[in-house]
Amino acid sequence: MTTVAPTRARGSEFTRSSRAEVLKLLSLPATLLTAAGSLLVSAVLAVAFATAGRQGSTGTASALDIGLAPIGYTQAGFIILGVLAATSEYTGGQVQTSLTVVPRRVLLHLSKVVALVLIAVPTALVVVLGGLVVADLVLGDAAVVPPFGDFAVGVGGAAAYLALTAVLSSSVATVIRRTIPAVAGLLVYYFIAGPLLRDRTAFAAYLPDTAGYGMWFHSGAGRFGSLSALVGTGFVVAWVVLAVAVAAVSFRARDA
Amino acid sequence: MSAYSGELRKLTSLPSVWAAFAIGIAVPAVVGVLSAVSTSSAIANGSKPEAGPDLGYQELAFGVAGAIVLGVVAASSEYFTEGESAGSGRQITTSLTAVPSRTRFLLAKVAALTTAVVLMSAIATGITLSCVQAVVGDHAHALDGAAATRVPGVVLYWVLTALLAFGITLLTRNGVVPLAVLVLNTSVVTVTFLLSKVTPLAVYFPDLAGMRMFLTEVRVPVELSPLTGGVVMAVWVVLLLACGFTAFTRRDA
C-alpha cells in the first residue's frame, strides 16, 4: 500500500485559501477597472480642487488638504470594489465551487477579508498619492508643502480609511448578495444620507463615514463631528469588525 | 398598452424598485424634518428671522437618488445574468421575444418608468413638504403661492433624472457605473458644483440646470431661470435617450 503525499501543502489552510482569494480578485476585470477608475477620478478632482485652491476659494493652500480632498468622492471606488469582491461569488454560482474547495465557511469568509485588504491597501495608496501629486503639480509655487510627519499620517490615514470602507462594503454585500441593491444602498448612505445627517444630528459623529472623516481630512477633524482622529479611527475599526462578524455569521448560517 | 402594463408589472416585481421607493420617500422626509427642527429652534431663539425659501425643496433635491436607482434598475435588470441554475439567461431575450418591436418595447419602458417616478416624486414631495410645514408652522415658505410651479418642478426634475439614468444604462448595460456617477453627483457638494468653480459652463450640466426648476438659492456663477434650466436639462435627457435608443435598436441584445 502506498501513501500519496499531499502535493500542495505549503502553508496552512488559511494561507492557501487567502492566496486563492487574492488570485480570484485579481482575475476579475472589474477589480482593475474599479482601481483605474478611482485613480482617474482622484486625479481629475485633484485638478478641480487645486484650481479652486489657487483662486483661494477653499480657504487653504495646503497641498496635503487639497490633494486628499478627492477622497470624499473616490471612496465610491472602494465601496464598489468591496461589493464586487463579495457579490461576484453569487453571479453564476461560483460560491458553490468555492465552498466545495474550502468547506469551512468562516475560514473562507476571513480569507476573503484578508485578500480584499491585501488588494485594497496598495490600490488606496496609489489613488491617494496620485491625487496628492496632481494637486501639487497644479498648485505649483502656491503649494504649501507639509512636514513629512503630517504627510505620512495623512496618506496612511486616508489609505486605511479607504481599505476599511472596502471591507465594510464587502460585509454588507455578503449579506445582501446582489450587486445593484448593495451598491445603491451603500452609495446612498455614504454620499447622501451620511453627509446630510452629519450636518444635522449629534449621533452621526459615531457613524462609520463621519467617524472616519478625521482619518483623512485633518483640518476638518473638529468641524465634522466631535471625535478626535484617533477615537474616530477606533469607531471605524469597531464598525468594520462588527460588520465582518455579522457577515461571517450570516454566511455560515444561510444556504449558499 | 399591454407592453406598458407588462413593463409596469416588471417594475413592481423588482425588489430594487421597492428599495428605490423607500430611499426616494424616506431620505427627503427624514432629512427635511431634521432641517425643519433645527430651523424652528433657530427661529425660536432669534438667530434666524424665518425659514429659508428652499427648506424642504433642498432635501427633495437629494431624494432624487431614489429616481436614479429606479432609472438604472429599469434598464440594468434586463441585462442581469441569472445563475447557472436558471440557465444563465438574461431577461432581455424573453422581453424581446414577447415584444419584438424594439421601439415599442423602449417606449413602453419609458412610459412605465415615468409613471413610477411621477408616483414616487408626488408622494415624496407631499410627505416632505407637509412634514416641514407641520414642524416650522407659520414661518414656512413651503406651501406658499410659488409652490404651484415649484412642486411640478420637483416632479419633472425627478422624472428627467430617472430618464437620464435610464438612457445612460441603456448604453452601459451594467448598473454599477451609472449608479456610481449619478449618486456621487447627488451628494451634498456635487461634482458638477465643484466644476462650476473651475468653469462657469458647468451650470449647463443637467443637474445644476434642472435644480433651477424648484430651488431659488444655488450658488453658481451663472443664474438660469427655472424655464431655461428645465429646457437645458430636457435637452440633455433627449440627447442621451436618443443615444440609448439608437444603441439599443442597432446592437445585438
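The values are calculated or read from the model by the stated rules, or taken from the named source; none is laboratory data. Keep in mind the model is a prediction, meaning the values are calculated, not measured. Quick reminder, even Gly has a Cβ in these numbers, built from the backbone with ideal geometry, and neighbours come from all protein chains shown.
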Candidates A:V95, A:V41, A:V22 - the one that is touching a residue at least 60 places away in the same chain (Cβ under 8 Å) and within 11 Å of chain B (Cβ to nearest Cβ): A:V95
Is it true that B:A20 is within 24 Å of the chain's Cα centre (by Cα), closer than 17 Å to B:V118 by Cβ, within 14 Å of another protein chain (Cβ to nearest Cβ) and crowded, with 17+ Cβ neighbours inside 10 Å? yes
Residues of region B:23-56 being of a type in the set (V, I, T) and within 12 Å of chain A (Cβ to nearest Cβ), which ones? B:I23, B:V27, B:V30, B:V31, B:V33, B:V37, B:T39
Output the qualifying pairs, or none if there are none: Cβ atoms under 7 angstrom, residues six or more apart or on different chains, first residue in region B:81-103 and within 11 Å of another protein chain (Cβ to nearest Cβ) and over 13 Å from A:Y90 (Cβ atoms), second residue surrounded by 11 or more Cβ atoms within 10 Å (Cβ to Cβ) and modelled with pLDDT under 75. B:S88/A:G92; B:S88/B:T81; B:S88/B:E82
Evaluate region A:74-91: report whether one residue or more is assigned to a helix (DSSP H, G or I), more than 10 Å from chain B (Cβ to nearest Cβ) and more than 25 Å from A:Y189 (Cα to Cα). no
Assess whether B:V183 counts as being of a type outside the set (K, R), more than 29 Å from B:L96 (Cα to Cα), surrounded by fewer than 21 Cβ atoms within 10 Å (Cβ to Cβ) and under 17 Å from the mean Cα position of the chain (by Cα). no
Number of the condition not met by B:V159 [criteria: (1) more than 23 Å from A:V188 (Cα to Cα); (2) more than 14 Å from chain A (Cβ to nearest Cβ)]: (1)
Any hit, region B:39-48, residues being out of contact with any Pro (no Cβ under 6 Å at 6 or more places or on another chain), modelled with pLDDT of 90 or more, surrounded by fewer than 18 Cβ atoms within 10 Å (Cβ to Cβ) and in a helix (DSSP H, G or I): no
Inspect all residues belonging to region A:209-224 and state whether any of them is under 18 Å from A:Y73 (Cβ atoms), under 18 Å from the mean Cα position of the chain (by Cα) and either modelled with pLDDT of 95 or more or not in a helix (DSSP H, G or I) (or both). yes
Within region B:202-223, of all residues that are without any contact (Cβ under 8 Å) to a residue 12 or more places away in the chain and charged (D, E, K, R), the one farthest from B:V181 (Cα to Cα) is B:E223
Looking at region A:157-185 only, could you name the residues that are surrounded by 24 or more Cβ atoms within 10 Å (Cβ to Cβ), within 11 Å of another protein chain (Cβ to nearest Cβ) and among the aliphatic types (A, V, I, L, M)? A:I180, A:A182, A:V183, A:A184
Members of region A:195-220 that are within 26 Å of B:L179 (Cα to Cα) and more than 9 Å from chain B (Cβ to nearest Cβ): A:A204, A:L207, A:P208, A:D209, A:T210, A:A211, A:G212, A:Y213, A:W216, A:F217
B:S77 - would you say it is closer than 24 Å to B:L170 by Cα and under 22 Å from the mean Cα position of the chain (by Cα)? yes
Extreme residue, surrounded by the most Cβ atoms within 10 Å (Cβ to Cβ), among residues of region B:186-206 that are hydroxyl-bearing (S, T, Y) and farther than 19 Å from A:I192 by Cβ: B:S196
